[in-house]
Amino acid sequence: MAAPVGYEKVDLTGKSLIVTGGGSGMGLEASLLLASRGAKVTVVDLAEENGRKTVARITEAGGTAQFVKADITNEDDAAAMVEAAVTAYGGLDGAFNNAGIIGAGGKISDYSLADWNKTLTINLTGAFVSLRAELRYMEKQGYGSIVNTASTAGLIAYPNLPAYVASKHGVVGLTKQVAVDYAPLGIRVNAILPGSTMTPLAEESFADPELKAKAESAQPIGRLGQPEEIAEMAAWLLSDASSFVVGGIFTVDGGVTAA
Ligand SMILES: NC(=O)c1ccc[n+]([C@@H]2O[C@H](COP(=O)([O-])OP(=O)(O)OC[C@H]3O[C@@H](n4cnc5c(N)ncnc54)[C@H](O)[C@@H]3O)[C@@H](O)[C@H]2O)c1
């Protein structure tokens with residue numbers, strides 16, 4: 001997508017940044033974008049092949065990146081991803097906690113506890129585990145910027161997605177809470193709330209063209225988002241350009257939550 005005329009690119013030169021879920025969708029596009037703006041990116045994913053492909057694309061384009069295989073719900077893995085970023089790139093300036101799943105659909109009376117636990121564990125506990133590992137390091141250095149991926153489902157309900165909607169409301173609440181505790185320590189925490197965006201996760205839900213057309217027309221802008229449009233917001237929040245932005249909840253959704 002062409003940048004608007006006069007658009008000054010957000011500069012991330014030299015910043016050491018973690019991106020979770022960097023093997024696919026928004027995490028993939030964010031990793032490419034952040035690296036293209038000068039960041040040294042630690043690409044984190046459970047899916048090793050995809051994560052390594054992201055790193056290869058960055059390094060082939062002349063950027064700096066490394067891959068760390070980690071499950072964001074695992075405390076040791078989260079500590080290891082932070083350690084890897086610090087060891088390779090001399091610190092941790094920021095993190096995009098973006099990995100997540102949509103999980104099973106269904107009304108709550110038919111919803112299994114296993115499906116509930118899976119979605120809450122990856123989306124909400126995963127955000128907690130990632131944040132805690134990053135903040136344990138950042139509070140020692142006295143600065144940092146963290147961006148969590150929630151969803152418009154963190155503000156409004158969607159039919160048949162009880163666990164997803166609850167988990168993303170949880171990510172919004174956690175973001176605000178942590179932002180308040182850590183702002184005095186020089187660390188900014190914010191959240192992005194994407195609307196329906198064309199990634200492998202959404203392609204799964206929109207395999208039916210009728211459903212896709214319905215989703216497109218439900219967005220005031222008349223189309224679905226592209227992952228690079230989410231990545232731009234992440235880049236700005238991770239940069240020094242957003243230095244007074246704390247505990248913000250940013251919809252990037254083509255107008256869905258405004259309608
Ligand atoms: N695509 C959308 O329409 C949309 C809308 C709103 C919010 N979101 C959110 O955006 C984020 C990214 O979604 P996407 O659409 O790019 O999805 P995606 O499926 O394309 O990518 C998600 C990545 O996260 C990784 N992942 C999943 N569980 C993990 C774990 N436990 N540890 C480490 N990595 C793990 C997956 O392997 C995958 O590479 C998610 O949090 C999602 O809920 C997506």
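Only one of the numbered conditions (1) away from the ligand (no atom under 12 Å from the Cβ); (2) in a loop (DSSP other than H, G, I, E, B) is not met by Thr257, and that is (1).
Among residues that are among the polar types (S, T, N, Q), away from the ligand (no atom under 13 Å from the Cβ), under 25 Å from Asn74 (Cα atoms) and open to solvent by 70 Å² or more (accessible area, probe 1.4 Å), Gln177 is included. Taking the conditions (1) surrounded by fewer than 15 Cβ atoms within 10 Å (Cβ to Cβ); (2) in contact with a Gly (Cβ under 7 Å, 6 or more places away or on another chain) in turn, Ser243 satisfies each one other than (2). For the stretch 97-110, the criterion of being under 28 Å from Glu203 (Cα atoms), of a type in the set (A, V, I, L, M) and touching an Asp or Glu at 6+ places or on another chain (Cβ under 6 Å) is met by at least one residue. For the stretch 206-216, does any single residue satisfy the condition of being at pLDDT 95 or above and either among the β-branched types (Val, Ile, Thr) or in a helix (DSSP H, G or I) (or both)? No - not one qualifying residue is present in the stretch 206-216.
As a summary of the residue check, Leu28 satisfies the conditions (1) within 16 Å of the ligand (Cβ to nearest atom); (2) touching a strand residue (DSSP E or B) at 6+ places or on another chain (Cβ under 6 Å) except for the one numbered (2).
Which of the residues spanning the stretch 170-221 are basic (Lys, Arg), out of contact with any Ser or Thr (no Cβ under 6 Å at 6 or more places or on another chain) and closer than 30 Å to Leu135 by Cβ? Within the stretch 170-221, just Lys176 meets the criteria. Evaluation of Ile156 against the conditions (1) among the β-branched types (Val, Ile, Thr); (2) in contact with a Gly (Cβ under 9 Å, 6 or more places away or on another chain); (3) within 15 Å of the ligand (Cβ to nearest atom) shows that the sole unmet condition is (2).
Residues that are touching a helix residue (DSSP H, G or I) at 6+ places or on another chain (Cβ under 9 Å) and either touching a residue at least 40 places away in the same chain (Cβ under 8 Å) or within 24 Å of Phe128 (Cβ to Cβ) (or both) within the stretch 52-76 comprise Phe67, Val68, Lys69, Ala70, Asp71, Ile72, Thr73, Asn74, Glu75, listed in sequence order. For the stretch 52-65, a tally of residues being more than 20 Å from Thr197 (Cβ to Cβ) and buried (at least 19 other Cβ atoms within 10 Å of the Cβ) returns 4.
Looking at the stretch 93-115, which of the residues that are touching a strand residue (DSSP E or B) at 6+ places or on another chain (Cβ under 9 Å) and either within 14 Å of the ligand (Cβ to nearest atom) or modelled with pLDDT under 95 (or both) is farthest from Ala163 (Cα to Cα)? Only one residue fits best here, namely Ala95.
Condition check ((1) within 16 Å of the ligand (Cβ to nearest atom); (2) free of Cβ contacts under 8 Å to residues at least 40 places away in the same chain; (3) open to solvent by 30 Å² or more (accessible area, probe 1.4 Å)) across all residues:
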position	(1), (2), (3)
Leu185	no, no, yes
Pro194	yes, no, no
Ala215	yes, yes, no
Ile221	yes, yes, yes
Leu224	yes, yes, no
Glu228	yes, no, yes
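The values are calculated or read from the model by the stated rules, or taken from the named source; none is laboratory data. Worth saying up front: this structure is predicted, and the values here are computed from it rather than measured. Note that each Cβ is placed from the backbone with ideal geometry, even for glycine, and that neighbours are counted across all protein chains shown. All accessible areas refer to the heavy atoms of the entire protein, side chains included, with ligands and DNA or RNA removed. Shrake-Rupley method; radii C 1.70, N 1.55, O 1.52, S 1.80 Å.
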